[in-house]
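These notes are about the structure you will find just below.
No value in this document is a laboratory result; all are computed from the given coordinates. Keep in mind that this is a model prediction, so the values were computed, not measured. Don't worry about glycine lacking a Cβ; one is built from the backbone with ideal geometry, like all the others, and counts go over all protein chains shown.
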Amino acid sequence: MNDIGARDAAAHTAAQQVDALVIGAGQAGLSSAYHLRRAGFAPDRDFVVLDHSPHPGGAWQFRWPSLTYGKVHGMHSLPGMELTGADPARPSSDVIQEYFEEYERRFDLRVHRPVDVRRVREGDGGRLLVETSAGTWATRTLINATGTWDRPFWPRYPGQDTFRGRQLHTAVYPGPEAFEGQRVIVVGGGASGTQHLMEIAPYAATTTWVTRRPPVFREGPFDENRGRSAVALVEERVRQGLAPQSVVSVTGLPLNDAIRQARADGVLDRLPMFDRITPSGVEWDDGRRVDADVILWATGFRAAIEHLAPLRLREPGGGIRVEGTRAVADPRVHLVGYGPSASTIGANRAGREAVRDIRRLLAEAPVTV
């Protein structure tokens, strides 16, 4: 045995062995852990949940302070425990952090945190080795529920490094007061971009809204049929191994009273994407220019899956090909909260589906050491 083989064997021997390991304790991870418990898996013996965040709450704990619970669209309760009686005026980060914390305690999910997962690679005996800041686990199956919050997407444009003002991503949006008296360009046509723009407008000296594509506003309720159609579109992309699209890209923006008023006031008066950034603002090839103190990139996020790279799951299209929640290239790996299951209700259903498949796989696959 060479030195590398000896190190791998030693790592496998020292690793804590489990049947299932969940990476991430947001909505998708907690839903998966709940269904593992319901299926008879014991925490810290049969399965383990690892989360890199310092506290319960998933990505919600990092939301901007002005996003109160009453402004949250489509927050679906975790399975087995409703979220009721929350004050709509409280920050959503506080409400949901407390809810997740109580959920973990009630169902004894024993989340290990803060734990950074560094990589997942092939181990011995058909197990996966999960290497982390808190040691190594050897697992027969893996549920990846890492979401997107850790991978804000920053587009690149000519001249971007020359801008003398401030550039920030919506991931670190501090609230509208931070833009008092400033000229602000908001880039992005999703829900966060429009919410930020409408919040900032009363405080800023000027606001400019720029999007790559013309925004699509959705009339009427987002009913079950529309929901199914949206999920089917995203699902088809992940079946093909393409990177998942955002939910808004297939559902459109809800045309509510606040949106209508902002359009009437000229706040949501969209300009096409600029061609370059200058030291003092942005420019278009047609000669138009806008001066700015701040560029706020509300340009979304990408799936946080770099730790899975050693497994070579990515397709040429940039995504991981998924059937249901199962990675087509490796049936031991499930992606929950990815693609069509990125919504809160989708994550709940996907957690149940992943655990059902895991039980079937473990029943069929013999344990080897």
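Numbers at a glance
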| item | result |
| --- | --- |
| Cβ-based exposure ranking for HIS112, HIS334, in which fewest neighbours within 10 Å come first | HIS112, HIS334 |
| Unit charges at the beta carbon, dipole of the range 1-154: most positive-side option, LEU67, PRO43, VAL115 | LEU67 |
| Rounded if a/c under 1.5, otherwise prolate or oblate - the range 25-109, Cα gyration tensor axes | prolate |
| Dimensionless Rg over Rh [the range 45-89; C-alpha; Kirkwood] | 1.03 |
| Which of SER133, SER31, SER280, SER53 has the fewest Cβ neighbours within 10 Å, and the rest in rising order | SER133, SER280, SER53, SER31 |
| PHE301 long-range amide H proximity, modeled H, under 5 Å | PHE153 |
| Size of electric dipole in the range 1-151: Cβ of Lys, Arg +1 and of Asp, Glu -1, about Cα centre, debye, nearest 20 | 180 |
| Amide H contacts of LEU271 (H built 1.01 Å from N, under 5 Å, at least 5 apart or other chain) | TRP209, VAL210, THR211 |
| Note, ³J(HN,Hα) from phi for the range 55-70, Karplus 6.51, -1.76, 1.60, rounded to Hz, x at Gly and Pro | 9, x, x, x, 5, 4, 5, 9, 5, 5, x, 7, 7, 6, 4, x |
| Leading residue at positive end of dipole, the range 115-172 (Cβ point charges), from ALA171, THR148, SER133 | ALA171 |
| Karplus-derived 3J(HN,Hα), 6.51/-1.76/1.60, for each residue of the range 35-42, Hz, glycine and proline x | 6, 4, 4, 4, 7, x, 6, 9 |
| Residues listed by number, the range 135-162, amide nitrogen under 15 Å from ARG113 label point at 7 Å toward C-beta | 145-150 |
| Under 5 Å, built H, 5+ apart or other chain: amide partners of THR68 | SER92 |
| The range 42-192 - convex hull of the alpha-carbon atoms, volume per residue in Å³ | 167 |
| Electrostatic dipole magnitude of the range 275-364 [Cβ: Lys, Arg +1; Asp, Glu -1; Cα centre; debye, to 20] | 700 |
| Sequence of ASP116, ASP257 once ranked by neighbouring C-beta atoms within 10 Å, starting from the fewest | ASP257, ASP116 |
